[in-house]
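Any read-out appearing in this document is the output of simple, stated calculations on the displayed coordinates, not a laboratory observation. Given the structure is predicted, the values throughout are model-derived calculations rather than measurements. Note that each Cβ is placed from the backbone with ideal geometry, even for glycine, and that neighbours are counted across all protein chains shown.
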Amino acid sequence: MSLANNILDAMKTVLPQGGGFLPLHEPVFPGNELAYTKECIETTFVSSVGKFVDRFEEMLADYTGAKRAVAVTNGTAALHMALMLGGVKAGDEVIIPGLTFVATANAVAYTGAIPHIVDSEETTLGIDADKLDAHLSTLAEIRDSECFNKETGRRISALVPMHVFGIPSDIDGLLAVCEKYSIPMVEDAAEAIGSFYKGKHCGRFGKVASLSFNGNKTITTGGGGAILTDDEELGALCKYLTTTAKVPHKWEYFHDMVGYNYRMPNINAALGCAQMEKLDEILLSKRKLAEKYVEAFANVEGVRFLKDPEQCSSNYWFCTIILEKGFEAERDSILEATNGAAYMTRPLWTAMHRLPMYENCPKSDMNVAESLEKRVINIPSGAGIIGV
């Protein structure tokens, strides 16, 4: 039998059959979502004012352990703000992984900085810390406790690890690189709500981090995101800037900084509160699904299921299989067979350095990312598959 048929047979042992097309990741609404959003409508507090925004921020801070969480319109806005608060300025370079959703690079571009694209490693799909260290050893120069690219003359003002599909990146290795080269860390934890690195929630390792609650995320607010920080003053500034930098007054409109209308509407936060109440159950369901996949793919030659590293706990936002080297040519036939059988699957994103707007950005050798791009496939991952 072909690899495509073997993979499809393995998926059929885990997934429901005959129920129509199964999406990659459907949201589940197992709790108070309807009641809370109905309350917003009945009280007319559907926009940027209302109790659910404050409550959602408190729930996020409590769950992640962060001192402050600020809810915003989407994950890209959250990362844009996180980069600004992290000290990124126009004309800087920001180190990002080549294997990420385009929003990571776009948020850097919004600040006027330039993405500096680096390679990934096979274990987590995140930035390869050892390879990054070797890359920086040839071009980094420390001046006045800041890192500069000797080839471009630009300051390297942040390193942005992204926890791909909720799998925690090699944070210890990346923090060591940050310390060695005096580069602040700003985490892109968009996909990592409910993921922990050595007992600490992802997004808690840098000065500031971002989360996303898009409709296909582990939990959703429809659209939405949040900024996490342990710096109380930075958190207060973040809230101020994301709510248009309006000086508090009973009636006067006066703004003393360039602010951003990134406020999360109350009705979206209401949805988020209900989702947070059920997060542990959602995560349990997703981990059970991942365990079933691990068993199903254990004896399928030519493919491995992407598992969380030791001492880490992934939310398994997207369950993922990786074709072994030499099987790259099978990818598209696998995608055709699985989608043809009504199971949605999709390939990895196009690597950032191959997109036209970022193809001339500084970069490291990208051979691993380019290999993974041809071998990674996401498979149905919703919490509703097992049931919450």
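What number in nm² do you get for segment 203-282 if you take the convex hull of its Cα atoms and divide its surface by four? With every direction weighted equally, the projected area is 6.7 nm². Here the simple spin-label model places points 7 Å from the Cα toward Cβ, and for Thr244 and Asp144 these points are separated by 3.7 nm. Short-range pairs are left out: with C-alpha atoms under 8 Å and at least six residues apart, the relative contact order of segment 33-277 is 28 percent.
Convex hull of alpha carbon positions in segment 317-388: directionally averaged projected area 6.5 nm². Between Asp256 and Ala35, the modelled labels are 4.3 nm apart [label points 7 Å from Cα along Cα→Cβ]. Roughly how many whole Å is it from the C-alpha centroid of segment 145-217 to that of segment 339-388? After rounding, the separation between the Cα centres reads 19 Å. The modelled label-to-label distance between Leu335 and Lys198, using points 7 Å beyond Cα along the C-beta direction, is 3.7 nm. Here the scattering of segment 64-120 is modelled by Debye summation over its C-alpha atoms, one equal scatterer each and no solvent; at q = 0.15, 0.27 Å⁻¹ the log10 of I(q)/I(0) is -0.45, -1.09. When peptides 357-367, 48-58 are ranked by their average number of other Cβ atoms within 10 Å per residue, the highest-first order is 48-58, 357-367.
Step through the table entries Lys38/Lys198; Lys51/Lys246; Lys51/Lys286; Lys200/Lys307, compare each Cα-Cα distance with 28 Å, and write down the pairs that go over it. Table pairs above 28 Å Cα-Cα are Lys38/Lys198; Lys51/Lys286. Look at (i) 21.6; (ii) 23.4; (iii) 24.7: the one that is Kirkwood radius over Cα pairs in Å derived from this structure is (i). Taking packing as the residue-averaged number of other Cβ atoms within 10 angstrom, the listed peptides 113-121, 81-89, 62-70 run from highest to lowest as 113-121, 81-89, 62-70. Annotation: average projected area of segment 121-185 is 4.3 square nanometres, based on the convex hull of Cα atoms across all directions. How large is the helix-only mean residue ellipticity at 222 nm for the chain, computed as the sum of -39500 (n - 2.57) over DSSP H runs with n ≥ 4, divided by its residue count, in deg cm²/dmol to the nearest 500? After summing the helix terms and dividing by residue count, I get -10500 deg cm²/dmol.
The stretch between Gln17 and Ala236, if pulled fully straight at 0.36 nm per residue, gains 73.9 nm over its current Cα-Cα span. Per-residue packing, averaged as other Cβ atoms within 10 Å, sorts the ranges 259-270, 301-312 into the order 259-270, 301-312, beginning with the highest.
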